[in-house]
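Contents: one structure, followed by commentary.
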Amino acid sequence: MKRRTFVKNLTAASLLLSGAPSALSAQMTQRLEPATANPAFMPDIEIILRAVIGEATLREGGATQLWRFTGEIMKGNASALNFLDGSGHLPIIRVRRGQKIRIHFENQLPEQSIVHWHGLNIEQRMDGHPMYAIAPGERYVYEIAIDNRAGTYWFHPHPHERTSFQVYQGLGGMLIVHDEQEDSLNLPQGEHEIPLMIQDRTFDSANQLVYIGNMRHNWMMGFSGDFVLVNGRVGYTKTVPRTAHRVRIINTSNASLYHLRWSDGSDFRVIGSDGGLLENAVEQPALTLGVGERVDVWVDFSSQAAGSVVQLLAESYTPSLQNFTAEQGGAPMQGSARPIASFQCEGSAAVPVAPPMQLSSYPALNESEATNSASPRAVRISMMRGSFYLNNRTFGGMQDVPEENVVKLDSTEVWEFANDASMGMGMGMGGMMQMAHPMHVHNVQFKVLSRTRQGGQSTLHQHLSAGFTDYGLKDVVLVLPGERVRVLMKFENHTGIYLYHCHILEHEDLGMMHNYRIEA
Ligand code: C2O
Ligand code: CU
Ligand code: CU
């Protein structure tokens, strides 16, 4: 292993906040060689992806400085890399299952970074684990043979203790996978496909981003912003033809959860979740999305009058389940929610179309195949003395795997995320530290088996759980206070070290994250 100096990083590191993650310097000592191009890997698509300092128009009142991805295609067709409409700074990479993609990631930031491909089943060295973070000026070459189902995935920085800051600064994008099963459905595509990335941000009087400050308490609560941005814009609007559309929604906020509904009162027709298309569409009046959760919905604007506007309405919640919608700016409240995206319906109405009856089929995960269904692997979420823990530990060294965190390749297991009381001691909060934690596992797509709660459901729990998307294949599941959620997953194709963590980015950076190892 080559020795490096990280003097340049120290400036950035010293911005790092006394009350915020503290072990950064220790983490920077162990570094691995960045992956380079393998001449034997024959890419179908090859792109350069740069993390740079830039600016963008996020709202009226002038440009906002941010960190962003830029990129260019070296090989493959022009649809492989685009930007979310309205933003120009949030990229979408499109690939087909079975394709090989090479991505030259260039870190032009003033601090270390690495990119994680959230949701992909992928080799350890390509997963963007923080152990592979590269210094400013360095390059990391990803070579990925895409083997995920058609669906909406996310890519974002994952350097330990800096993920929250870097995502907040604007780094992130969508990775959309297509496949043959999806082709055969003739789902709405092109201009009839609307990807929506939801995030919240706070601005100062000069329209610049304001983050969280250095109080540990704020980090524990997670960042919640004053405005909701959709595709990088406050007040996102789009003109849409009066026909069927496919809307891909992803919550890429640092910490907030959103409870969404349509302004005309119609149900969401959900056709996909984190890991791709469902077998059959599901209808529900609301959607509740924790950080990292995705949902694919079918919406047919043909029944709307020409010139009418349909809005996506959002209630915003902090991880401690405080509804802060009323404190946010933007368009006026409609009931308990605010419009975050508006669709102006134009043109002549098409004949209404419903989603296909059968959307997909995929190998079932069977609980009967699990090695541990009688005694699931427990992931206990707790808080002590102002820190969060999973199974009473915080994240250790980059490559440390707690001895109990070893699983067998090709085995199927049940994991149980337990968010029991989670009461804070010594926070002076009077027991206010009950939080919802969106739990994420790298490298797998799981099935949610059950969700139980001690002590019955509060009205708020009922309200939020009506919007859960616990079906299909998932890689994030929201675990409300007092809940235990059992999930079933199979460890396939790759051995190595992967992560699981709470996807509240401040919690992850505070160490609410562990390695696990898949062994042959
Ligand atoms: Cu979105 Cu560790 O991931
Ligand atoms: Cu991930
Ligand atoms: Cu958390």
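The residues in segment 435-459 that are more than 26 Å from residue 154 (Cβ to Cβ) and within 14 Å of ligand 2 (Cβ to nearest atom) can be counted, and the count is 0. The C-beta contact set for segment 433-449 (first residue assigned to a strand (DSSP E or B), second residue of a type in the set (Lys, Arg), distance under 7 angstrom, 6+ apart or interchain) comprises 446/474; 448/474; 449/486. Residue count for segment 278-306 satisfying the condition of being touching a residue at least 24 places away in the same chain (Cβ under 8 Å), assigned to a strand (DSSP E or B) and open to solvent by 10 Å² or more (accessible area, probe 1.4 Å): 8.
Take the conditions open to solvent by less than 30 Å² (accessible area, probe 1.4 Å) and within 19 Å of the chain's Cα centre (by Cα) and apply them to residue 64. Does it pass?
No, not satisfied.
Scanning segment 178-212 for residues that are under 25 Å from residue 316 (Cα atoms) and either more than 23 Å from the chain's Cα centre (by Cα) or within 16 Å of ligand 3 (Cβ to nearest atom) (or both) yields 204, 205, 206, 207, 208, 212.
Every condition in (1) farther than 12 Å from residue 467 by Cβ; (2) in contact with a Gly (Cβ under 6 Å, 6 or more places away or on another chain); (3) of a type in the set (Ser, Thr, Tyr) holds for residue 288 except the one numbered (1).
Which count do you get for residues in segment 222-254 that are over 15 Å from residue 330 (Cβ atoms) and either surrounded by fewer than 23 Cβ atoms within 10 Å (Cβ to Cβ) or in contact with a strand residue (DSSP E or B) (Cβ under 9 Å, 6 or more places away or on another chain) (or both)? Before you say what the answer is, go through the steps one by one.
The first filter runs over segment 222-254 and keeps only residues over 15 Å from residue 330 (Cβ atoms), leaving 222-223, 238-252, 254.
Filter once more, so that each one left must be either surrounded by fewer than 23 Cβ atoms within 10 Å (Cβ to Cβ) or in contact with a strand residue (DSSP E or B) (Cβ under 9 Å, 6 or more places away or on another chain) (or both): 223, 238-252, 254.
Residues flagged as over 15 Å from residue 330 (Cβ atoms) and either surrounded by fewer than 23 Cβ atoms within 10 Å (Cβ to Cβ) or in contact with a strand residue (DSSP E or B) (Cβ under 9 Å, 6 or more places away or on another chain) (or both) within segment 222-254 amount to 17.
Using the structure shown, decide if residue 210 is β-branched (Val, Ile, Thr), without any contact (Cβ under 8 Å) to a residue 24 or more places away in the chain and surrounded by fewer than 23 Cβ atoms within 10 Å (Cβ to Cβ). Answer is yes for this residue.
The residues of segment 113-133 that are of a type in the set (A, V, I, L, M) and either closer than 17 Å to residue 172 by Cβ or buried (at least 24 other Cβ atoms within 10 Å of the Cβ) (or both), listed by number, are 114, 115, 120, 133.
The values are calculated or read from the model by the stated rules, or taken from the named source; none is laboratory data. Computed from a prediction, not measured in an experiment: that's the story for all the values here. As a convention, Cβ positions derive from the backbone with ideal geometry for all residues, glycine included, and neighbour counts pool all protein chains shown. For the accessible areas, the whole protein counts, side chains as well, though only heavy atoms, and no ligand, DNA or RNA atoms are used. Shrake-Rupley method; radii C 1.70, N 1.55, O 1.52, S 1.80 Å.
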